[in-house]
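Here is the structure we will look at.
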Amino acid sequence: MQVIFAVADVGRSAEFYERAFGWSRNSLVDYTNYVEFLPPDGGAVGVYERSAYAEAVGAEPVEPVDARVAPGYLYLRVEDVETTVTALE
């Protein structure tokens with residue numbers, strides 16, 4: 001499975017996933033507008049700069065309205081929920 005998020009700030013988003021989950025980056029992917037992580041359970045999670053994503057797929061991702069949560073969900077397995085929640089906060 002591969003999940004890609006279209007984001008406004010790749011650096012900030014990548015830092016979030018590194019700090020929150022400790023995921024390693026995919027060393028085979030080296031782009032300034034896309035970072036891919038390899039969660040320990042397999043698959044990949046990527047953060048892709050919005051306009052570059054739109055160009056690659058031929059469609060602009062939907063912008064959340066009024067700072068509301070986007071209509072998509074991703075569930076992640078972690079070893080310790082409380083430790084992960086603390087890292088996210």
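The values are calculated or read from the model by the stated rules, or taken from the named source; none is laboratory data. In this text the structure is predicted, and so the values were computed from the model without any measurement. Cβ sites come from the backbone with ideal geometry, for glycine too, and all protein chains shown count toward neighbours. These area figures cover heavy atoms from the full protein model, side chains too; ligands, DNA and RNA do not enter into them. Shrake-Rupley method; radii C 1.70, N 1.55, O 1.52, S 1.80 Å.
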Inset, instruction - Among residues belonging to segment 66-89 that are modelled with pLDDT under 75 and more than 16 Å from the chain's Cα centre (by Cα), point out the one that is least open to solvent (accessible area, probe 1.4 Å). - result: ALA67
Inset, instruction - Starting from residues that are more than 15 Å from GLN2 (Cα to Cα) and surrounded by 15 or more Cβ atoms within 10 Å (Cβ to Cβ), keep the ones in segment 42-62 and report whichever is modelled with the lowest pLDDT. - result: PRO61
Inset, instruction - Kindly indicate the residue of segment 15-27 that is in contact with a strand residue (DSSP E or B) (Cβ under 8 Å, 6 or more places away or on another chain) and in a loop (DSSP other than H, G, I, E, B) and also modelled with the highest pLDDT among those meeting that condition. - result: ASN26
Inset, instruction - Go through the residues of segment 32-40 one by one and say whether even a single one is part of a loop (DSSP other than H, G, I, E, B) and at pLDDT 90 or above. - result: yes
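Here is a yes/no grid of residues against (1) polar (S, T, N, Q); (2) farther than 18 Å from ASP9 by Cβ; (3) open to solvent by less than 30 Å² (accessible area, probe 1.4 Å):
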site: ASP30; (1), (2), (3): no, yes, no
site: PHE37; (1), (2), (3): no, no, yes
site: PRO40; (1), (2), (3): no, yes, no
site: PRO64; (1), (2), (3): no, no, no
Legend entry - Residue count, segment 9-28 (criterion: touching a residue at least 24 places away in the same chain (Cβ under 8 Å) and open to solvent by 90 Å² or more (accessible area, probe 1.4 Å)): 1
Inset, instruction - Quick one: which residue in VAL78, VAL47 is part of a strand (DSSP E or B), of a type in the set (Val, Ile, Thr) and touching a residue at least 24 places away in the same chain (Cβ under 8 Å)? - result: VAL47
